[in-house]
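Here the structure comes first, spelled out in structure tokens, and everything after it is commentary.
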């Protein structure tokens, strides 16, 4: 099949892309706002990009023309943690996808917990198999 992605609405493009490319790892990205409010958001567009230097890529998308909390926090602080998601925390990851106001900490709302990171301010999810 052939698709004209320019002719498709953003929601249609997203649905096709995530249907075609799989399985995809899911990241649960933790950030802090400049005021210190925690944020956690699932990212279905992420992967390893290079080993030297070690690089991860995040495909952060706006929501209806407005920046999401994760984007704003990363641009303001230049810090984040990429937590890998496994089946054991899948339900909590879905809670983190809810559009809470910027002053609500998704980690707290989901029942997950954080461990302190060594080199960045945002913590990593204690229940995640890996935090980068």
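Some notes on this structure:
- Residues being more than 20 Å from residue 87 (Cα to Cα) and either assigned to a loop (DSSP other than H, G, I, E, B) or touching a helix residue (DSSP H, G or I) at 6+ places or on another chain (Cβ under 9 Å) (or both) - total across region 39-57: 3
A quick yes/no check of all residues on (1) in contact (Cβ under 8 Å) with a residue 24 or more places away in the chain; (2) surrounded by 10 or more Cβ atoms within 10 Å (Cβ to Cβ); (3) farther than 30 Å from residue 115 by Cβ:
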| position | (1), (2), (3) |
| --- | --- |
| 1 | no, no, yes |
| 4 | no, no, yes |
| 11 | no, no, yes |
| 16 | no, yes, yes |
| 20 | no, no, yes |
| 25 | yes, yes, no |
| 28 | yes, yes, no |
| 33 | yes, yes, no |
| 39 | yes, yes, no |
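- Restricting 79, 99, 127 to residues that are assigned to a loop (DSSP other than H, G, I, E, B) and under 13 Å from residue 28 (Cα atoms) narrows the list to 127.
- Residues of region 58-70 satisfying the condition of being touching a strand residue (DSSP E or B) at 6+ places or on another chain (Cβ under 9 Å) and not in a loop (DSSP other than H, G, I, E, B): 58, 69, 70
- Scanning region 105-126 for residues that are touching a residue at least 24 places away in the same chain (Cβ under 8 Å) and out of contact with any strand residue (DSSP E or B) (no Cβ under 6 Å at 6 or more places or on another chain) yields a total of 4.
Values in this text are rule-based calculations from the coordinates and carry no lab data. What you are looking at is a predicted structure, and each value in this text was computed from that prediction instead of being measured. Because the Cβ atoms are built from the backbone with ideal geometry, glycine has one as well, and the counts that use them run over all protein chains shown.
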